[in-house]
Every structure is written in C-alpha cells, then in structure tokens.
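The values are calculated or read from the model by the stated rules, or taken from the named source; none is laboratory data. Treat the numbers as computed from the prediction; the structure is a model and nothing was measured. No Cβ is skipped: glycine too gets one built from the backbone with ideal geometry, and neighbour counts run over all protein chains shown.
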C-alpha cells in the first residue's frame, strides 16, 4: 500500500475555494503551513456549537454533516465539486462533522485566510489625489482645504473632522526613507504634502520590485490596510526629502472609517432591500457566490469593484457582505470614496444561514 503523502499537492490546494482566489505567492505561503491529516471512521472533525475558527478542506473520504438531533443532513465526498469549499465554516458551528469513512483533510487558519484574501483582492495600490498639481509642496492650509473638497471627508461629523486635523502628525522624511513597507502591519493613514515617493510591489520572495506609481504633494494613501486590519500591499519609499502628515490607525478608525460605515443586522438589511432602498452586494469570489448567496445579490468581487464602480447606481445604497466583515468593510469604504451610499452586513454571511 503506497504511503500517505505528507501534504496534498499544490494543485490540489489550488482547486479549493476561496484558496483559488489567492495570488500565487500568497497561496504558497498558505501551502507551506498545511499538512494532510486523517480522520478515522466515526470520529468528529468538529462538533455543533464549537467556536473553532479553523477552515477545514476535504481531500478524500466521506464526511457526514449532522444536525442537533444527530440526523445526517448532508454528505460530502472528497474530490467532488461540492466538496471544494470550506466545510460548514460558520462560527459557532451549526452542524457536527463526522467521518463516515476514513477522511483525508487539511486545515487553514480562517483569520489568516480572510486577511490574505482581502489583501490580495484590494487590487492595485490606490492613491487618492487631493489636488495641488505638480507643485513640490502644499502649504498647511492648502492640503487641509483640498482634503475637505473630497466628498468622503465632507460627510465626516464636524467634531470628528476637527479632531482628525488636530491628531494628524507632521513628519519630515528623508530621501530614500521607507514610509510604508510591503507585508508590514498597517499603522497610519498618510497625506503627502511635500516631496516625491515611489510605490513598488514584489510578487514573490525573490522577485524584483515592480513600479506601481509615483506620489507627489497631495497624494493620500494607506487607508485600506487599516480598514481591513491587514498587511500593506506595497512599499512607499521617498525619492526626495519631503513632508507627510499621518493619522494613527486607532484615530483613523474612530474618526473616519467607523463614523462613515453603517452596519446592518440581517433583519434591517432585508427590510431595506425589500423596500427598494438598498441592494445586496456580494464582494466574495464568484466560486464563493455560486456556492451560496443571498437571493437577489449582485456579485462584484472586491478585486473588481473599482473597475466596475461606474456601473453601480449612485442613488441606491449597497449593503456589502462577505463571510466576515473584512472584505465588505473595504468595499463599503471604496463605495463611500466614490460617493455611493453603502453599508456592511454585521457578522458576515454563510451559505447555510440562507
């Protein structure tokens, strides 16, 4: 009998949703952490009500999903299209998963997966322009006034706006200094008011950095990593000496992101959609959408949202959802930046919850 492999092949792992939505280097990072595990007949993978946040993926064998009465409500068979998704991954678990035959599976930390999906689907490094043309420096009043011309900032409560300006820290930076480093945790939201900087990204551990953009006075950046609580998706390095104004993550979330984001319970969201005041917007991958979605939802994956934003109705509120609140929070903020009303489904959506 041939020995059991230590882990499934990379191609096997790549076939599962939403792992198939990761960039190649992100997928390989996940792959390095996993191994193939076995579950004997009649043993439980997890029990109904448990709060383990691990994402389980079925490679081989048959798994029974049982309800509170211990009745088998579904069987998953490894290698079939129906098994190429996370196994009943909502928390707390709403079923018990028990092996009908010996089962081969692997597991991934669900929070890590969610962070990497959001990071990879944020798309290209986004830079907001406050104005100022090709000037080498913006005066203090100029950049503050320019910031107030952006629709997003006009909707911040006045008290929050005043506090925001008071808490922004002025920092002088040198040529060659790294302001933001790829893969580092998000810490600040930035507005560049003097000097120029280069934005680059590496797509692999040994890849040569690719130039994405050049920043000048009036550029603002760094918000998406803060909203999603994720790593930076690019490096920003100064080409010359200059000045940046920065707002710490805690202040950004409290004064800007949280004050603009409206969270909906499922009941309130359903009522808003039924009345015609809102539209469901599913920002997950198409493979996740096909596996189960809210009836009537429009599927625009986060990575495609900016490209398709012009097709959305600016007079309608879009209630964004994913399987957590991470991707949907970023999507809602992107819509707010474009002047489109938005909201987020509190707690996320899972196929078995309807």
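Quick one: in the stretch 178-207, of everything that is in a loop (DSSP other than H, G, I, E, B) and surrounded by 20 or more Cβ atoms within 10 Å (Cβ to Cβ), which residue is modelled with the highest pLDDT?
Taking the stretch 178-207 as the starting set, the residues that turn out to be in a loop (DSSP other than H, G, I, E, B) are 181-184, 186-187, 195-196, 202-207.
Then keep just the ones that are surrounded by 20 or more Cβ atoms within 10 Å (Cβ to Cβ); that gives 186, 195.
Numbers: 186: 83, 195: 91.
So, considering only residues that are in a loop (DSSP other than H, G, I, E, B) and surrounded by 20 or more Cβ atoms within 10 Å (Cβ to Cβ), the one modelled with the highest pLDDT is 195.
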Q: Would you check if residue 340 is at pLDDT 95 or above and either on the phi > 0 side of the Ramachandran plot or touching a strand residue (DSSP E or B) at 6+ places or on another chain (Cβ under 9 Å) (or both)?
A: no
Q: Would you list the helices (runs of 4 or more DSSP H) that sit entirely within the stretch 208-301 and hold 3 or more residues that are under 21 Å from residue 320 (Cβ atoms)?
A: 223-228, 266-274, 286-291
Q. When you look at residue 13, is it touching a strand residue (DSSP E or B) at 6+ places or on another chain (Cβ under 9 Å) and assigned to a loop (DSSP other than H, G, I, E, B), yes or no?
A. no
Q: Just give me the residues in the stretch 32-70 being surrounded by 19 or more Cβ atoms within 10 Å (Cβ to Cβ) and within 30 Å of residue 202 (Cβ to Cβ), in sequence order.
A: 55, 57
